[in-house]
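So the structure is just underneath, and the comments pick up after that.
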Amino acid sequence: MFIMIFELIKKRRSVFPAQYTNQPINKSEIEKILESANWAPTHKKTEPWRFKVFLENSKEQLGRFLAKKYKETEGNPKAFKVKKLLENPSRSAAVIAICMQRDPKESLPEWEEIAATAMAVQNMWLCCTEMGIGCYWSSPGLTKYMGEFVEMGDGELCLGFLYMGRYEEEITVSERKPVEEKVVWFN
Ligand SMILES: Cc1cc2nc3c(=O)[nH]c(=O)nc-3n(C[C@H](O)[C@H](O)[C@H](O)COP(=O)(O)O)c2cc1C
């Protein structure tokens, strides 16, 4: 079914690993989603988005790494958080680490590179919505340790994870405060 872009934008939701079924997502579908990211706009064509895709065993390894790192670095680690960090990747069909590679010439302020990467994530999120795939952007402070788990480039920053999975249950309607409260008009 063809969905108009405005409807698609409103339909997009955060769908969490607890809601995922164990149905797989094909590699070709993930490639399509990544291709949508690659069409995000970027100032000076730096194309700063970088992605690390975790499938199969690597998801479990990621979960173990995040849970271990949390226990090591948190003074008072909470059992439920350890469990979530450990289990969320394996509950997902795929996990994509969202990274930003700073232009080596630093020709742009960092925020512009982060903004472009966030636009790439929105593309993926909308693409997932259209494909009936649930996903959400998780941004734990633990992302700063990602270089201990996978190779990260010089000036590459991990901004979080896109957890992805198929789901069956009805997704709840979300709310926003009226846009009028956030807009100033000038004539
Ligand atoms: C940059 C960014 C980081 C986010 N990080 C988290 C997170 O760490 N944990 C979480 O539960 N949701 C996170 N979210 C998802 C938001 O909670 C979610 O988008 C918001 O509640 C609105 O719900 P919706 O996406 O269903 O419209 C993040 C979203 C964005 C854009």
Notebook entry, point to check: Is there any pair linking a residue in the range 109-128 that is farther than 19 Å from R12 by Cβ to one that is open to solvent by 10 Å² or more (accessible area, probe 1.4 Å) and near the ligand (Cβ under 10 Å from one of its atoms), with Cβ under 7 Å and at least six apart or on different chains, and which?
Noted result: I114/L159
Checklist line | Residues satisfying the stated conditions in the range 100-125, i.e. within 15 Å of the ligand (Cβ to nearest atom), assigned to a helix (DSSP H, G or I) and in contact with a helix residue (DSSP H, G or I) (Cβ under 6 Å, 6 or more places away or on another chain) | finding: A120, N123, M124
Notebook entry, point to check: Is it the case that S14 is within 16 Å of the ligand (Cβ to nearest atom), of a type in the set (S, T, Y) and within 11 Å of C128 (Cα to Cα)?
Noted result: yes
Margin query: If V173 satisfies all but one of (1) in a helix (DSSP H, G or I); (2) farther than 21 Å from E47 by Cα; (3) open to solvent by 50 Å² or more (accessible area, probe 1.4 Å), what's the number of the condition it fails?
Written below: (1)
Note to self: Return the residues of the range 131-155 that are buried (at least 17 other Cβ atoms within 10 Å of the Cβ), away from the ligand (no atom under 12 Å from the Cβ) and over 14 Å from the mean Cα position of the chain (by Cα); say none if nothing qualifies.
What the structure shows: Y145, M146, F149, M152
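The values are calculated or read from the model by the stated rules, or taken from the named source; none is laboratory data. These numbers come from a predicted model, not from an experiment. Glycine also receives a Cβ, built like all others from the backbone with ideal geometry; neighbour counts cover every protein chain displayed. The protein model used for the area step is the full one, side chains on, heavy atoms only, and it has no ligands, DNA or RNA in it. Shrake-Rupley method; radii C 1.70, N 1.55, O 1.52, S 1.80 Å.
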